[in-house]
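Since the structure comes first, as structure tokens, the remarks are kept for the end.
The values are calculated or read from the model by the stated rules, or taken from the named source; none is laboratory data. Everything numeric here is computed off the predicted structure, so don't read it as measured data. Positions of Cβ are generated from backbone atoms using ideal geometry, with glycine treated the same way; all protein chains shown enter the neighbour counts.
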Amino acid sequence: MKSIIKVLAVFFVVTFSACTKDVYDAGQNPDPNPGQNGSLPGDFTWSLSDETELTVNIEGLGEEKYIVEAYIGNPAIDPTARLIAGSQQKVNNSIPYVRNISIPTGLETIYIRVTDSRKRVSVYGFDVTKGHMVCNIGTGGAQTKSYAMSTRAAEAEMPQIDYSYEGKTLVELTGSSDITLQPGTVYIIPKDQTFNGQVSINGGGDILVYVEGTWQVVNSFKYEKKSVIYVLDGGKVETSGNTTLTFVESSMLAVQKGGQFGDANARISLSFNTSNNVVNEGLLYAENLSVTDKCSIYNSGDLVVTNLSTATQNNYIVNKSKIKAESIDLLNGVIDNYCHLVANQITTRGQVAHINLFPSSYVEAGKLSADHLDLFMDAKSMWKGESASFAGWDNKVRGGDTDWALLKINTIEVKTGAGKLLNYSGMVNIECKSHTEHPSQWNPCYGLIAPANFSEGQGFAEIDPNECNGNGGNHNPGEEPGPDDDITETNTLPYTYLFEDNWPQKGDYDMNDIVMSVTLRNTTSASDGKVKALDVDIKLYAVGARKKLAVAFQLDGVPAGAVSGSESNQQYAVIRLFDDAHAELGGASGEIINTYKYDNNLVKEIHKQIKFNTPLDQPISVGRFNLFAIWGDADANKRYEVHIPGFRGTNKAMSSELSTDVYTSTEDGWMWGLCIPFIDFSSFPKESVNISEAYSGFDKWISGDNTPNWYLNPIEGKTIVVK
């Protein structure tokens, strides 16, 4: 490999001269054997796109018709997403969508956009595979079955509390006298009685207090060593000031149905550590509620708290009814939500925090700040919020595998620059007005694994109103189906073509003798899905050659007779775009234009529409769009055509092996043309600057390293950057 690189360096630096020196008269016959100048790796191709057969199966969604499109970028959230294969309307449960597509080499994900007959739109993500991609849309579309809850069943069950004090020796607490609670003693505040004395603990545990009447807590104290406060049906604990109750060493607070701890103006704080439990079956209010070290909160009543926090992985919050909080700070720990949880702010951090939404449950969070969050959403559960931000690493939003859940958040921000920080998977439908886009398609910040999907507009997940979601739910009937219309696709991914005009001799390889971009747009019939027309939009950016150059394209595999106006004496349809590139840009014959200094006002836009006399079964993609330059006499029976490697010459090309095979030198593998996917690409080499010197990574690419997106790294001062 080192010897190859050395040879190539000599090849580029010494052999080549400026474009002004490799000019030929139109009739000159150049040497068809350029000579041995080193060779590329044996398996190297100049292709920057991979040809793939795409099959999309609609599974479990009935027999209605769907429109299927394939994109680079997520069209639900990214306005720069580009179509690579598009609409064929006769697709349903029985008829798959099959297209041949071109995917930029090195791209990890493509997005499949599905529109149903009621114009409800959803977008799915799939990992790119070469050769043949199969994408399953619907209930069977999962690429993974990793949907287990992030908790054990035992922790999700409400503890069975015995609130009875029968058979126990009781000490009554009444009045305003101060008291020191003694270890091993059972106390009761009788019904219709009030106790508001100061409390202290005599350094021991096993203290039980039953509240049937009213306990007005007037001071802070620590409750320890298997001590319990039971708030019984009809009992109430309240406070008139800021107080803190601390529970340690297997102690517990239990509120029976009909009992009440605190009130709407509560300024009481509760702190639990070392194997303590909070069990609320009634009504519990608190200013602050914090748990650490094997402590759990179980709620089957109404829990209203200003600040709720956990501190370890073995903290569990199990909600069987309703929790309302101003803020929830989940430092590790698990929330199992079976019903209704509302918070203005939820923050997750630490090694990993888990939030599990059980079937038909509901969470409403004004703002979610997630760092290391694993959010699981089972069938027909719903998360509603204003905003969410994801940072740290390994954030997950996972749906189940039996029915759809709905994640409905207006704005989702994902920290960029550190790879995929967030992954969506499972049967979760995402409705989002604004979502962080990938910094580039080569550097994704989130992953979308089918069947997880984004909706455009309202989510499609059908969720019935119930007590847990506040009788809200989600229902999206879409629009009434209308007549099937012909489908005109949006613009496909543009490709930029760079040509060296000296074929079959070497040039200076600044690859700017012709610089142009091409966008293809197919129109398909609603009745049979066949292609009726092709629109070709072209931007001619620069001409860095002295010789006269024409440009044409051949539609490989399309018979010449299928297209009116194609060149005569050709097997396949050949359409001439222009005969003189200099004239197209308004320049004089032989004038170098836009390769020394760029002027956007000189760029020429060209549009061609082709209507097929015989409609095509498959749309025209870049893999069948054989664009080429012609130097010399474009009308000659045999002419000098310059093609992209991998494409063959037309019937009018020179009859040498070089012109009819793959348009690379058979001796050293070098090319005269490149076709670059125009995702973020917007540059080309300056006049007389070899392409290997114009882009960082080009030399590694041609030596066999995996750097397919080298063209996104132009070197300042050596390239023209198109604004």
Set Leu520, Leu555: member being surrounded by 20 or more Cβ atoms within 10 Å (Cβ to Cβ) and under 32 Å from the mean Cα position of the chain (by Cα): Leu520
Region 419-436 - residue that is over 18 Å from Ala450 (Cα atoms) and not in a strand (DSSP E or B) and, of those, farthest from the chain's Cα centre (by Cα): Lys433
Filter region 546-601 down to the residues that are of a type in the set (Val, Ile, Thr) and either free of Cβ contacts under 8 Å to residues at least 24 places away in the same chain or part of a loop (DSSP other than H, G, I, E, B) (or both) and list them by number. Ile592, Thr595
Can you tell me which residue within region 245-262, out of those that are surrounded by fewer than 22 Cβ atoms within 10 Å (Cβ to Cβ) and among the hydroxyl-bearing types (Ser, Thr, Tyr), is nearest to Leu208 (Cα to Cα)? Ser250
For helices (runs of 4 or more DSSP H) lying entirely in region 614-723, having 1 or more residues that are surrounded by fewer than 16 Cβ atoms within 10 Å (Cβ to Cβ), in the same structural domain as Leu555 (by TED's automatic domain parsing) and out of contact with any helix residue (DSSP H, G or I) (no Cβ under 7 Å at 6 or more places or on another chain) picks out 657-660, 698-702
Residues being surrounded by fewer than 13 Cβ atoms within 10 Å (Cβ to Cβ) and either under 22 Å from Asn280 (Cβ atoms) or not assigned by TED's automatic domain parsing to the domain that holds Lys225 (or both) - total across region 173-190: 0
Could you say whether any residue in region 341-351 is closer than 18 Å to Pro159 by Cβ and crowded, with 24+ Cβ neighbours inside 10 Å? no
Quickly run through region 461-476 and pick out the residues that are assigned to a loop (DSSP other than H, G, I, E, B) and surrounded by 21 or more Cβ atoms within 10 Å (Cβ to Cβ). Ala461, Cys468, Asn469
Within region 674-720, the count of residues that are within 27 Å of the chain's Cα centre (by Cα) and on the phi > 0 side of the Ramachandran plot comes to 1
Flagged in region 504-548 as touching an Asp or Glu at 6+ places or on another chain (Cβ under 8 Å), over 23 Å from Ile610 (Cβ atoms) and not small (Gly, Ala, Ser), in numbering order, are Pro504, Gln505, Lys506, Asp508, Tyr509, Asp510, Met511, Asn512, Asp513, Val543, Lys547, Lys548
Taking the conditions exactly as written (over 16 Å from Thr524 (Cβ atoms), touching a strand residue (DSSP E or B) at 6+ places or on another chain (Cβ under 7 Å), surrounded by 19 or more Cβ atoms within 10 Å (Cβ to Cβ) and free of Cβ contacts under 8 Å to residues at least 60 places away in the same chain), does Ala76 satisfy them or not? no
Can you name every residue in region 444-460 that is crowded, with 21+ Cβ neighbours inside 10 Å and either closer than 17 Å to Glu364 by Cα or acidic (Asp, Glu) (or both)? Gly459
Taking strands (runs of 3 or more DSSP E) that fall entirely within region 261-363, which contain at least 1 residues that are without any contact (Cβ under 8 Å) to a residue 60 or more places away in the chain and of a type in the set (D, E, K, R)? 283-292, 302-310, 322-331, 340-349
Of residues in region 174-219 being in a loop (DSSP other than H, G, I, E, B) and touching a Leu at 6+ places or on another chain (Cβ under 6 Å), the one nearest to Lys236 (Cα to Cα): Glu212
How about region 58-90: which of its residues are at pLDDT 75 or above and aliphatic (A, V, I, L, M)? Ile58, Ile67, Val68, Ala70, Ile72, Ala76, Ile77, Ala81, Leu83, Ile84, Ala85
Pairs where the first residue, in region 467-481, is within 16 Å of Trp404 (Cβ to Cβ) and the second is among the aromatic types (Phe, Trp, Tyr) and part of a loop (DSSP other than H, G, I, E, B), C-beta under 9 Å, 6+ apart: Asn474/Phe460; Asn476/Phe460; Gly478/Phe460
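Residue by residue, here is whether (1) at pLDDT below 95; (2) closer than 30 Å to Gly447 by Cα holds:
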{"residue": "Ser150", "(1), (2)": "yes, yes"}
{"residue": "Glu157", "(1), (2)": "yes, no"}
{"residue": "Thr169", "(1), (2)": "no, no"}
{"residue": "Thr174", "(1), (2)": "no, no"}
{"residue": "Tyr187", "(1), (2)": "no, no"}
{"residue": "Asp192", "(1), (2)": "no, no"}
{"residue": "Asn202", "(1), (2)": "yes, no"}
{"residue": "Leu208", "(1), (2)": "no, no"}
{"residue": "Gly213", "(1), (2)": "no, no"}
